[in-house]
Every structure is written in structure tokens, then in C-alpha cells.
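Notes for the one structure printed next.
The values are calculated or read from the model by the stated rules, or taken from the named source; none is laboratory data. A quick note: this is a predicted structure, and the numbers were derived from the prediction, not measured. Backbone-built Cβ (ideal geometry, glycine too); neighbour counts: all protein chains shown. The accessibility values were calculated without ligands, DNA or RNA, using every heavy atom of the protein model including side chains. Shrake-Rupley method; radii C 1.70, N 1.55, O 1.52, S 1.80 Å.
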Amino acid sequence: MDNKNLIISDMHKIPEIEGPIPVSENSHPFCDMMHARVPLDVRNYGYLEEEYFVSGSANVYDVDENRNVIIDGSPLEYKTRILVRKPANVKDFSGRVYFDILNATQGYDIEDLWHRNYLWCMTHGHGYVGITSKPVNVQSLKNFDYDRYKTLCFPSHEPVPMPTISKSATLPGTEEGLIWDMIAQVATAIKTNSNPCFKGYQIEELYLTGQSQSGAYLNTFASNFDEYINADQCIIDGYLNIVGALVERSIRQEDTMGPLRLFLRDMKPIKTPYICISSEADLYLFNYFLDGNLMNVRIPNSDTANNKCRYYEIPGAPHTDIICPVLTAVEEIEKTGAKMPNLDEKLLHGINDFPTEFYICGILEKLHQWAVTGQAPEEIGVIERSENDLKRDSHGNALGGFRTPFLDVPIGTYIASNPEDPEGISGKLILFTKEQFLKEYDSKESYLTKFKAMVEAQKRDGWVDEIDAEKMITWAMHTVEKIVS
């Protein structure tokens, strides 16, 4: 059996899936919604929330001089965990599952996709799965609740004693590169209905997602392993990279205890529909991790049999939303021993509340249509560049890219990457003064008419759904009152 067949065989193994793991007064999953900053009972939406442990054997992979994937050494026995959310009544299930690579940037699991689409997901009956993707996050889980998570492991061929607490990007004695087989095996178990998580639920489509650092993981997985995971059968129907479009990571763990090394995206074309997004903030943020200038980067769109890619840049959008109510409660994070979120009041005051999540949900729907009907989403140009920066209008808002009423019918300046934020992930919104507003629009009625017209156009074109369109209009009505009152 050649190396390609070995890889396909290993990626399609069905892992052992144990659970749901019991929940008690003294033990619950990290990231469960009842322990969010604003507790959310998913049962009120007709949903179940469950945690499972996944065990199997995974390879360590490398690439040769021709960028071919090769297996390095014998398989290693791993154990990780997945979070599952699904309609309690199978009749309410849409047939779709969104499978998210949980973000590890802070050293604990962050459910970036769920934070963006949880209401949309539950409104439409979609399933959600999040996978713990990195050894440092396993360690944070053990710090959080050792008795619950003590058996989880990402072993290495060369074990080294593991520290009790680490805030480094990597841990000695572990192998981050096991994640590729973990993702593939869990995906295979879900899509082929060979798992207890969705027993009785008929899975029609499975979409893999990642954001930021997990977006780098997603690019790396799609580039190196899509041809294997989808070789004989369609396991993953499409990919969405949320604000991590421009970066990849090494295929295996590097010998370093320093910050994670990211590389400029150099993906192979893939046959599976792939949509990737850069927020305006990403064009500044990722320059801290890469050589070169991301202002010079372009990702070409394509819709051929062997290369299906759409790339969107969203002007005005920050890297992420640090005030989302279903983020894990600070008290829970503190137990992990990992890096605490930066919630300095000066960052929260006037924070950029650009609703990227509404457009992500619209783009997820367009990805689904591309996968099931073959109709590719519209092509849209990138944000306009000057020599080494972005071009801006008279209000300081970026020109070009994916246009929205927040920038085309503005009532403020959207700073995507706030210079007062050392992490570069939250932005700032500087609202117009009453005088600026009246000079631009004459009246709040004039403003709202223009704003609503663009929202309606985007709803007709499928970029936002009806519920989110109403939320956008409500935001405009509330915010303009603050300006003119």
C-alpha cells in the first residue's frame, strides 16, 4: 500500500466516541453555555448541549521537498474532546453540521464560530461540533477540572515531562500535528453517521470552520489533506475560514516554546468549495506574526473543477468580538491557569461593534448553496490599497472590499484595529457629532431611509437573513438616537 492509501486509510478510521460525559453540580464542560458571561440555556431553544471524549490513533505528518504529505513514524494513541449542540427533536434538524476547530490563541478553548452564529444555528436547526485542537488547551482543561479531563492527551514520539501550567504556545512532550487525523476521523464518524453524538440524525452536509489561529489550522488542513479526506467519498462539503484567511502553520509541532509561528498562506488549490474572510483588522494584526506586508496579499477567486475559492475582505470589521455574551465567563477562564482576556474599560468604551457575525451567517448559507447546487457566491474586490496602507474616505473608513451599510451609510469612523489594544483584536467606533451627522444626512429619517434600503438589498441578495436584517435596523435606530438627542 502506497503512502497515499495509508493516509486515506488512517484519516477515515472511526474513532471511539465516549459520552455524553456526565454533568453534575461539581463537574461540567468547559465552554458550556450555562457558564457563559451571560448564561444561556440552550434547552429554551429546543437544543441539547453535550460533551464527548474521542479516542483513536493518529499519525505525525511531514512534507517532502515536493510538498507531498508523508507519514513520519508510527501512529500515536490520542484522546481529545468535542462539544456537540443539536436540536433535541430530530425532526427539527436541518441535516447540516458545522464542525469548528476551537481556537487556542489564549491557551484555552474559544468557540469562535459558535460565538458568531449560535442564534442563527439554533433558529435554523443546524448541528454544531467543536474540537479541542491543541495540547496547551488540553492542559488548560486539566487545570480547570482534572478529574473530568485527566485522560485527554496529545502524545509525542519523544515524551518530555509536562509542566503543570503553561502559558506558552506549545508544550514539550506533545505533538500538535496529531490534530489532522483527529479532525478527519471525527468528520468521518459524523458524516457517515458512525457516532453516538448524532444517533438517529441524518447528516447531509458537514462544513469545517476555523477562525484566526484556527483559521491557520483550517488552511493547513485543507491544503494538505482535503485530497485525502474527500478522495473516495465526500466527507467535508465545504470550508469557511473566518478572519484567518492569510496564514498557515507548520504541519507538525516545531521544537520551540516560543510564540506560535505562522506562515504566509501558500495553499494548494482544492476541489471542495472554500470561502475565506479577512477583516480589516487582520491586514494589520497578522503582520506581527509574518514576514512581509499583508497589504500586498491577494487571494485569487476561482470556480473550476479543481479550484473552488472565494475571498472576501470586510472593511471596518475588527478581528473578533470581545463582548459577545456567550463567551466563557471570566471566572471559568481563571480556573484554567491560561491567559486572561483583556477587558480593560478603556477598550470597552466606544468599542467597534461592527456585526461581522450577521455576514458570516449569510456567507455560511452561500457556502451551503455552493456545495449543494454548484452555484458559486459572487466575487467581490478587496479593500483598496495605497502604497503601504489602505485607502480611506473623508470619514477615515476604508474603501472597497465587501460593502455594508455601516460604512456606505456611516454614522461614525470604524477603527478596525485599536492602537490602544495591545492584542490588536478589538477596534473602536468614533460616532459622528450631531453637527457632523446633520451635515451628512439632514435628518435621522434621511439616514434611516438610506440605511434600510441597503439592508433590504443585502437581504434580497442573501448576505444577511431576515432576522439579522431587523437587528441591523434596530441598531441604526438606537444609535442614531444617541447622536441626535
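Quick notes on this structure:
- Among the residues of the stretch 54-89, those identified as among the polar types (S, T, N, Q), assigned to a strand (DSSP E or B) and under 16 Å from residue 156 (Cβ atoms) are 57, 80.
- Within the stretch 89-108, tally of residues that are closer than 21 Å to residue 198 by Cβ and touching a Ser or Thr at 6+ places or on another chain (Cβ under 8 Å): 5
- Looking across the stretch 406-424 at every residue that is farther than 22 Å from residue 468 by Cα, out of contact with any helix residue (DSSP H, G or I) (no Cβ under 7 Å at 6 or more places or on another chain) and touching a residue at least 40 places away in the same chain (Cβ under 8 Å), the one that is most open to solvent (accessible area, probe 1.4 Å) is identified as 422.
- First in the stretch 456-485 and under 14 Å from residue 120 (Cβ atoms) and modelled with pLDDT of 95 or more, second anywhere and of a type in the set (Val, Ile, Thr) and buried (at least 17 other Cβ atoms within 10 Å of the Cβ), Cβ under 8 Å, 6 or more apart: 463/363; 464/455; 469/455; 472/455; 472/464
- Taken over the stretch 180-202, residues that are open to solvent by 10 Å² or more (accessible area, probe 1.4 Å) and either among the small types (Gly, Ala, Ser) or within 13 Å of residue 127 (Cβ to Cβ) (or both) amount to 8.
- The stretch 219-313 holds strands (runs of 3 or more DSSP E) entirely within its bounds, and those carrying 1 or more residues that are at pLDDT 95 or above and either buried (at least 24 other Cβ atoms within 10 Å of the Cβ) or out of contact with any helix residue (DSSP H, G or I) (no Cβ under 7 Å at 6 or more places or on another chain) (or both) map to 238-242, 274-279, 302-304.
- Hey, residue 453 of a type in the set (Gly, Ala, Ser), buried (at least 17 other Cβ atoms within 10 Å of the Cβ), assigned to a helix (DSSP H, G or I) and on the phi < 0 side of the Ramachandran plot or not: no
- When the stretch 95-143 is filtered for residues that are open to solvent by 10 Å² or more (accessible area, probe 1.4 Å) and among the charged types (D, E, K, R), the ones remaining, listed by number, are 96, 112, 116, 142.
Here's the yes/no breakdown for (1) acidic (Asp, Glu); (2) within 28 Å of residue 117 (Cα to Cα); (3) touching an Asp or Glu at 6+ places or on another chain (Cβ under 7 Å):
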| residue | (1), (2), (3) |
| --- | --- |
| 358 | no, yes, yes |
| 362 | no, yes, yes |
| 386 | no, no, no |
| 394 | no, no, no |
| 423 | yes, yes, no |
| 430 | no, yes, no |
| 436 | no, no, no |
| 455 | no, yes, no |
